[in-house]
Amino acid sequence: MPIQQLPAQLIDQIAAGEVVERPASVVKELLENSLDAGASRIELELEQGGVKLCRVRDNGIGIPRDELALALARHATSKINSLSDLEHIGSLGFRGEALPSIASVSRLRLVSRHGEDQEGWSLTTEGGDQQTASPAAHPTGTSVEVRDLFYNTPARRRFLKAERTEFGHIQKVAEKIALSRFSAALQLKHNDRVVFDLPAAADRQKQEERVARVCGRTFMEHAMYLEHERDGMRLSGWIARPTFSRSQPDLQHFFLNGRAVRDKVLGHAVRAGYRDVLYQGRHPAYVLYLEMDPALVDVNAHPSKLEVRLRDSRTVHDFVRRTVDATLAGTTAGETSGAAPAAWPPAAESGGLSAAQRGLTFYSTASAVRDQLGAYRKLMESPPIGPERELAPADSPPLGFALAHLHGAFILAQSGDGLVIVDVHAAHERITYERLKRSVSESGVQVQPLLIPHAISVTARQADLCEQHAETIAKLGLELTRGGERSITVRALPALLGSADPEALLQDVLADLEEIGKTDQVERKLDELLASMACHGSLRANRSLTTDEMNALLREMETTERSDQCNHGRPTWTVLSLQELDRLFSRGR
């Protein structure tokens, strides 16, 4: 065929193929437009999974009468006006293709009233053919009705799934929008049934209630709030404790400047923050918000605006990883019991280790343990618990005092909250592991030259990457030289990884450098080795512990980073509150 200009309607339908994949795509575009219009309340109404009807009504600023037709024209938008605006995108939608694309494959009605107008105006299109605007009763704001989606493209309609499936996709989109903007109330109705009606969340408590409504109460029970700002970037939100890991990445919400995104660099950064506290193959759960200069982000990388490009991905990756890692590092055992771990013991004591303690690598001194026993006896000799009496002495440490060593595997301790149960091996494994990591960090990565240098065949691009990131690679303890256009020679490895396969290690490092611009492969393998050393060097089952040793272990847990879980993400301790114990035995009934 000769080269020819395509008809406008066909152009719109081609664009619709990129933007409008299913009813959920329509809902996403309409909801984002409502947020960009400054709406504080949005109502979403659906019929038959959004195929028969998608109606979005908001109380935003509305559209003036003379701009109503332009809202349905291709490449027409109020959100950008110049190249400078395109480089500093602050809105959720801007491409200027969504509404005309949706209109080209549906029967669409747009009703709006601008804040300065005395009445609203309505515009109807069918398959992209517009009718003349006419007056319509409408409060300030906009309503968009999309009926009979893909009615004129039956091939696309046949690919739609069952009503329940399509509604499930829409619900996920609506929930992400609800998480992205706490200041806007959102109601979702399907087939005349209200699915949820979320009020605006102005303060932290109400925001957590909304997160719990979307992500589940269990997530919030295991979530920790984080907030950190550095170099013009601010990260805030909630991350779940490692013990709440998932088999699938189905509870991961990341918002960049208010926009829900799926980005490899950001996702890798969060996972790297969980590096040594998760089982292999498990996924963290989180709701995180990153704010940064819009000029450093390209949001025009994907038609549906889900993927972004970061100008300085390494800096952003490092900031996110360090923030998540620092938050997880503060999860010391016992911190949720109402006492501050740092407050115990009240003052540092000096003294030598007892003979019993010399068998374990604990740092708590014998005199400190003896001082604890005074409070321990006070706790044990106290009168029976009554309704008006405090549960434990005010100076009781978070994990309380040891009562017994059960089956050589668990410590039973009495605290102010009730009964604390500690997995001895898991707890000591974490303590030993953190101590080994500190030792390696303080002494630096020791380099071991290879007796026979290992030549590895790589691609020209991989060889260039080795030269480009030579300084980073050297800090990891790898000594490389380029032997030709497609050859790299490994001359030294980190001493602790002397038995590792040089080629496999280098390929893993290069894969990370090519994908995200940095690598943690060496640190990961070092951590795996240290974790294995910690596991083999930790207390085993049936190793009998004295009271001094059990109390020393509890005190170590209260001051050790990440001691809430072992190196594999298993919990190291749990507590049965007095209320839970009462329920077990039906007390008070």
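Values in this text are rule-based calculations from the coordinates and carry no lab data. Computed from a prediction, not measured in an experiment: that's the story for all the values here. Positions of Cβ are backbone-derived with ideal geometry, glycine not excepted, and every protein chain shown enters the neighbour counts.
Some notes on this structure:
- Geometric extent, Cα atoms of the stretch 191-273 - Rg, Dmax (angstrom): 14.5, 48
- The residue among GLY128, SER106, HIS190 whose Cα reaches farthest toward the positive pole of the charge dipole of the stretch 8-196, with charges on the beta-carbon of Lys, Arg, Asp and Glu, is HIS190.
- Distance between the 7 Å Cα→Cβ label points at ASP231 and SER457: 3.9 nm.
- Rg ratio (alpha-carbon, reference 2.2 N^0.38 Å) - the stretch 223-270: 1.22
- Exposure proxy for HIS425, HIS75: other Cβ atoms within 10 Å of each Cβ, ordered fewest to most, give HIS75, HIS425.
- Intensity falloff of the stretch 8-196 expressed as log10 I(q)/I(0), Debye formula with alpha-carbon point scatterers, at q = 0.10, 0.15 Å⁻¹: -0.37, -0.87
- Once divided by 2.2 N^0.38 Å, the Cα radius of gyration of the stretch 204-329 becomes 1.02.
- For the stretch 550-565, 3J(HN,Hα) per residue [Karplus equation, 6.51 cos²θ - 1.76 cosθ + 1.60, θ = phi - 60°, Hz, x = Gly/Pro]: 5, 5, 4, 5, 4, 5, 5, 4, 5, 10, 9, 4, 6, 6, 5, 9
- Among GLN207, LEU226, TYR279 the positive-end extreme of the charge dipole of the stretch 204-329 (Cβ point charges): TYR279
- With R₀ fixed at 51 Å, the C-beta to C-beta distance from LEU581 to ALA504 puts the FRET efficiency at about 0.50.
- Treating r as the C-beta distance of ARG204 and ARG435 and R0 as 30 Å, the FRET efficiency rounds to 0.25.
- When the trypsin sites (Lys or Arg not before Pro) in the stretch 134-228 are filtered for DSSP coil states and for at most 14 other beta-carbon atoms within 10 Å of their beta-carbon, the remaining sites are LYS161.
- Dividing the convex hull volume of the alpha carbon atoms of the stretch 399-526 by its residue count gives 151 Å³ per residue.
- Förster-model FRET efficiency, 56 Å R0, ASP192 and LEU70, C-beta, rounded to 0.05: 0.95
- Virtual paramagnetic centre 7 Å along Cα→Cβ of THR140, amide N under 17 Å, in the stretch 30-62: 34-42, 58-62
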